[in-house]
There are 2 protein chains.
Amino acid sequence: MGGGQLGRMLLQAAANYPVETHVMENDPGCPAAHLCHHFTRGDITNYDDVYQFGKGLEALTIEIESVNEEALLQLEKEGVRVYPSPSALKTIKNKISQKSFYRDHEIPSPEFVVTQNRADLKAHLAFLPAVHKIGMGGYDGRGVEIIRNAEEISRAFDAPGVLEKMVRIKKELSIIIAANDKGETAMYPAVDMVFDNKLNVLEYQISPAELPEKVLWKAQAIARKVVKDLDSPGIFAIELFVDENDQVFVNETAPRVHNSGHHTIEAHFSSQFDMLWRIMLGYPLGNPAAITPAAIVNLLGAEGHSGEAVYEGLEEILRIENVFVHIYGKKETRPGRKMGHVTILSKEKQELIHQANRIRHNLKVVSAG
Amino acid sequence: MGGGQLGRMLLQAAANYPVETHVMENDPGCPAAHLCHHFTRGDITNYDDVYQFGKGLEALTIEIESVNEEALLQLEKEGVRVYPSPSALKTIKNKISQKSFYRDHEIPSPEFVVTQNRADLKAHLAFLPAVHKIGMGGYDGRGVEIIRNAEEISRAFDAPGVLEKMVRIKKELSIIIAANDKGETAMYPAVDMVFDNKLNVLEYQISPAELPEKVLWKAQAIARKVVKDLDSPGIFAIELFVDENDQVFVNETAPRVHNSGHHTIEAHFSSQFDMLWRIMLGYPLGNPAAITPAAIVNLLGAEGHSGEAVYEGLEEILRIENVFVHIYGKKETRPGRKMGHVTILSKEKQELIHQANRIRHNLKVVSAG
């Protein structure tokens with residue numbers, strides 16, 4: 001369900017296995033539409049569309065949380081295997097239930113209060129500075145606002161959400177865990193997500209993460225607990241904060257293949273996409289180990305550019321020996337839109353950082369004309 | 001042109017780049033049909049079908065030599081870029097002109113005579129034992145007969161072909177070379193093709209080939225000369241014999257991506273499929289170097305089985321940590337049909353051989369029921 005870049009890469013991996021593939025998405029020109037056996041135009045948030053599409057299929061997965069989970073629940077009852085389980089999706093897709101899940105299961109996550117609307121925030125001034133997250137529909141950085149003081153409450157969402165205490169972040173990590181129908185799991189090495197603190201954008205991701213063993217163990221134990229308590233097969237990306245006291249908190253969980261695992265295509269024995277097929281096809285879990293360390297740079301639409309996408313600097317980047325380019329085939333670029341990513345392989349962390357910066361500065365998605 | 005496994009893997013690689021893809025093939029259920037933007041049903045050997053398909057496209061490539069080269073020639077005249085060039089294809093697709101090309105360019109290749117029909121062979125008894133190769137239409141081991149003595153002439157082809165002197169083979173190699181429009185080339189490491197001499201089938205392929213440096217240099221120099229003299233952009237697989245005196249001979253050349261390069265998907269920075277896209281899209285050539293040594297085992301339809309394909313032993317193979325399975329999605333299996341391949345990664349040659357044998361003995365393609 002969903003025909004974006006995650007579906008696209010999932011379908012690239014599908015062609016290694018004996019499987020017939022179906023995609024549903026509104027836009028027949030979406031990144032994944034031409035890579036499946038059967039494309040169905042439909043609205044993934046609509047009960048009837050999802051139900052009609054899924055009826056009679058053997059297994060279903062999602063590439064975005066907004067898929068209608070009531071339809072998935074009905075399909076599951078009728079014997080369609082769904083990854084993740086609709087109940088895990090329901091827990092995660094609303095930030096209020098996701099945060100409540102962490103609290104109820106004693107999974108460390110920043111302190112929060114539930115807010116029903118913008119005015120509600122005024123009752124929580126002592127809680128500021130905080131992060132306001134919209135309950136439903138947040139995705140890819142949208143639906144999150146930092147509220148530092150009373151004046152900034154005007155920027156909060158006037159819809160149900162959570163107000164989360166700010167953590168003094170030293171480091172952000174992501175850990176991807178795969179779980180199959182038998183409850184067996186495979187954990188990928190933790191990834192460092194390196195942010196530009198000024199612009200608040202992800203600069204690059206590096207695998208494996210570099211952090212003290214004890215902190216890593218804590219992060220792994222927490223990530224494992226999230227997946228165990230969600231009690232669902234599928235792929236889960238657990239994003240974590242490490243604070244200045246080396247405390248580890250769950251930021252959020254995605255119940256699907258995830259941007260922080262794209263390097264696994266080239267750098268790991270079983271990529272996250274390969275792993276999801278193994279789970280859906282009932283094969284043994286793959287090997288999540290790395291063949292080599294790697295970095296990922298996201299290729300975002302340049303500021304001030306909207307329209308037909310043109311890739312500037314691609315030739316120069318393709319001259320670098322250890323980089324792999326993934327362009328998602330989106331016809332239109334918009335500022336900040338994820339248009340592709342680049343993976344860098346090297347055993348030397350300095351080389352990974354050097355090439356990541358080179359790519360960030362030299363590869364641009366602009367609009368034609 | 002052509003929708004088999006080579007097209008399939010080429011299209012898996014295409015999804016990394018901004019490119020719109022078209023496939024022509026007679027069978028709409030072929031391995032590549034569902035992985036392109038536009039599928040056209042047509043006969044790749046037919047002038048009109050090829051011409052109509054290619055008209056207006058920017059670039060064309062082939063996955064099989066039988067594509068109508070007169071149509072390609074016309075398309076090239078009209079400005080379509082064709083990989084390989086139609087003239088190189090014409091030289092290679094007929095074994096008579098291919099062998100004449102080697103002789104005319106002083107490229108070492110086993111001695112041969114041209115035969116017009118079966119009866120012709122009787123005039124060359126002194127040439128036996130020899131290998132009779134049909135001029136047109138041989139592919140994947142078909143169109144080749146070993147003629148040891150006068151009695152065996154009955155097995156020869158009653159059609160134009162070449163009779164090649166038998167070489168006392170110590171080793172068979174393959175070298176893949178990429179060439180772009182500017183004449184720049186990139187050479188992949190030589191691969192050892194290991195045959196079962198009793199059954200005359202390829203057991204497995206190992207990269208890099210293990211042979212004395214001077215013999216390797218000779219093989220590389222010969223392979224380079226083949227591509228230089230063909231004077232065409234594209235991907236070329238040069239299959240070579242090394243005889244008992246360490247003389248090196250060209251066996252044959254394929255002007256396209258090739259079975260002996262499938263390990264480059266996982267084991268090399270730029271796979272042969274990635275490399276062909278770089279050539280067709282006018283990007284810099286990729287890096288042909290290996291990330292790690294590798295082996296390939298072909299998955300052939302089992303003897304005595306024809307019909308709907310079932311993969312036996314797949315689960316066991318998928319449990320091995322360093323193997324990658326590629327099933328081509330052919331609905332029907334037949335004895336000896338290429339149904340898939342498995343790539344093994346390891347720094348240890350013994351491990352590569354061990355796993356290759358394990359896979360050969362445990363993975364079978366049989367027919368359902």
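List of remarks:
- Within this structure, B:Ser66 fails the test of being within 29 Å of B:Gly282 (Cα to Cα), assigned by TED's automatic domain parsing to the domain that holds B:Arg337 and polar (S, T, N, Q).
- Residues located in the range B:341-355, provided they are surrounded by 14 or more Cβ atoms within 10 Å (Cβ to Cβ) and either outside the structural domain of B:Leu300 (by TED's automatic domain parsing) or over 9 Å from B:Val297 (Cα atoms) (or both): B:Leu345, B:Ser346, B:Lys349, B:Glu351, B:Leu352, B:Ile353, B:His354, B:Gln355
- Tally of residues being at the interface with another protein chain (Cβ under 10 Å from one of its Cβ atoms) and either within 19 Å of B:Val323 (Cβ to Cβ) or touching a Leu at 6+ places or on another chain (Cβ under 8 Å) (or both) across the range B:278-290: 4
- Selection of strands (runs of 3 or more DSSP E) fully inside the range B:80-163 by the criterion of at least 3 residues being among the basic types (Lys, Arg) returns nothing.
- Test: residue in the range B:303-313 that is outside any strand (DSSP E or B), at the interface with chain A (Cβ under 9 Å from one of its Cβ atoms) and touching a helix residue (DSSP H, G or I) at 6+ places or on another chain (Cβ under 8 Å): no
- Selection within the range B:337-369 - assigned to a loop (DSSP other than H, G, I, E, B) and of a type in the set (S, T, N, Q): B:Ser346
- Positions within the range B:191-232 being among the hydrophobic types (A, V, I, L, M, F, W, C) and either in a strand (DSSP E or B) or not assigned by TED's automatic domain parsing to the domain that holds B:Val250 (or both), in sequence order: B:Val191, B:Met193, B:Val194, B:Phe195, B:Val201, B:Leu202, B:Ile206
- Leading residue by the ranking (surrounded by the most Cβ atoms within 10 Å (Cβ to Cβ)) among those in the range B:160-209 that are β-branched (Val, Ile, Thr) and under 23 Å from B:His132 (Cα atoms): B:Val162
- Meets criteria (in contact (Cβ under 8 Å) with a residue 24 or more places away in the chain and under 19 Å from the mean Cα position of the chain (by Cα)) for B:Gly7: yes
- Count - residues of the range B:1-23 that are more than 11 Å from chain A (Cβ to nearest Cβ), surrounded by fewer than 24 Cβ atoms within 10 Å (Cβ to Cβ) and touching a helix residue (DSSP H, G or I) at 6+ places or on another chain (Cβ under 7 Å): 0
- Options A:Glu316, A:Glu332; residue that is more than 10 Å from every other protein chain (Cβ to nearest Cβ) and touching a residue at least 12 places away in the same chain (Cβ under 8 Å): A:Glu332
- B:Leu35 being touching a His at 6+ places or on another chain (Cβ under 8 Å), outside the structural domain of B:Gly282 (by TED's automatic domain parsing) and surrounded by 22 or more Cβ atoms within 10 Å (Cβ to Cβ): yes
- Counting only residues that are charged (D, E, K, R) and assigned to a helix (DSSP H, G or I), the range B:4-27 holds 1 of them.
- Just one of the listed residues (A:Val67, A:Val50) is over 26 Å from A:Thr333 (Cβ atoms), buried (at least 24 other Cβ atoms within 10 Å of the Cβ), within 23 Å of the chain's Cα centre (by Cα) and modelled with pLDDT of 95 or more, and it is A:Val50.
- Scanning the range A:261-280 turns up one or more residues that are under 24 Å from A:Arg142 (Cα atoms), assigned to a loop (DSSP other than H, G, I, E, B) and either not assigned by TED's automatic domain parsing to the domain that holds A:Val144 or not basic (Lys, Arg) (or both).
- Single condition B:Pro293 does not satisfy, out of (1) touching a Lys or Arg at 6+ places or on another chain (Cβ under 9 Å); (2) at the interface with chain A (Cβ under 9 Å from one of its Cβ atoms): (2)
- Search result, residues across the range A:255-274 that are within 11 Å of chain B (Cβ to nearest Cβ) and either touching a Phe, Trp or Tyr at 6+ places or on another chain (Cβ under 6 Å) or aliphatic (A, V, I, L, M) (or both): A:Ile265, A:Glu266, A:Ala267
- The lone exception for B:His341 - which of (1) under 18 Å from the mean Cα position of the chain (by Cα); (2) more than 12 Å from chain A (Cβ to nearest Cβ) it fails: (2)
- Residue satisfying all of: in the range B:28-56; assigned to a loop (DSSP other than H, G, I, E, B) and more than 14 Å from chain A (Cβ to nearest Cβ); nearest to A:His22 (Cα to Cα) among these: B:Gly42
- Of all the criteria given as (1) more than 13 Å from B:Ala237 (Cα to Cα); (2) assigned to a strand (DSSP E or B), the one not satisfied by B:Ile177 is (1).
- The lone exception for B:Ser97 - which of (1) more than 14 Å from every other protein chain (Cβ to nearest Cβ); (2) over 22 Å from the mean Cα position of the chain (by Cα) it fails: (2)
The values are calculated or read from the model by the stated rules, or taken from the named source; none is laboratory data. Quick caveat: nothing in here was measured; it's all calculated off a predicted structure. Because the Cβ atoms are built from the backbone with ideal geometry, glycine has one as well, and the counts that use them run over all protein chains shown.
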